[in-house]
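Q: This is the structure I want to talk about, given as structure tokens.
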């Protein structure tokens, strides 16, 4: 699956079956264009304000690929809740910079953030990827309901954005021109075998607190629930 934007319907073609399955020109995030059969496209509408698309996967490799394909840095901010050692955040950063997910010789990226409740995991992530941003925080801890900071001026852009969203006071003038009208992609991986209630609570809190355009979840229990509903329907 690749994310693309429809540019035009091709009217000039030599295909005999154009009326049944016309070609559509799409532009991919890196700027390349391609003529794709309409039947091969899955339409995704731009979300309305205060809504988010939610994608749920059961396996880590598909989850990470989805995070990479559906995040367009610097147009998107990317946050992973349950980042563990920072591998997914690093892969998204690498793809944004080089076009592949190799995490060698990466540069600092203020648009990406990893969050985990484990102090040990955050320490390892910071050691492995000192160019990226990681924060220790248990998102489901009622005693610590949100990310806090006293001086936001020195924070990376992604943290400034989250804090502004929490206060509903986002100031687009404080961001660079390339960040105008930014959107947020949040990935959730709080242990793939975590009980469904915890995953859903995390999802609900993120939707209410940060209002992302897209949430990508890795949860076997959640994925199985969705599959069961589809079978019943």
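Each reported figure results from applying straightforward, stated rules to the coordinates on display, with no laboratory input. Predicted model only: the values in this text are computed from it and were never measured.
Q: In nm, what is the difference between 0.36 nm times the number of residues separating residue 75 and residue 207 and their Cα-Cα distance?
A: Once the chain is fully extended between residue 75 and residue 207, it gains 45.6 nm.
Q: Once you have the Cα-Cα distance between residue 118 and residue 229, take 0.36 nm times their residue separation minus that, and quote the gain in nm to one decimal.
A: 36.6 nm
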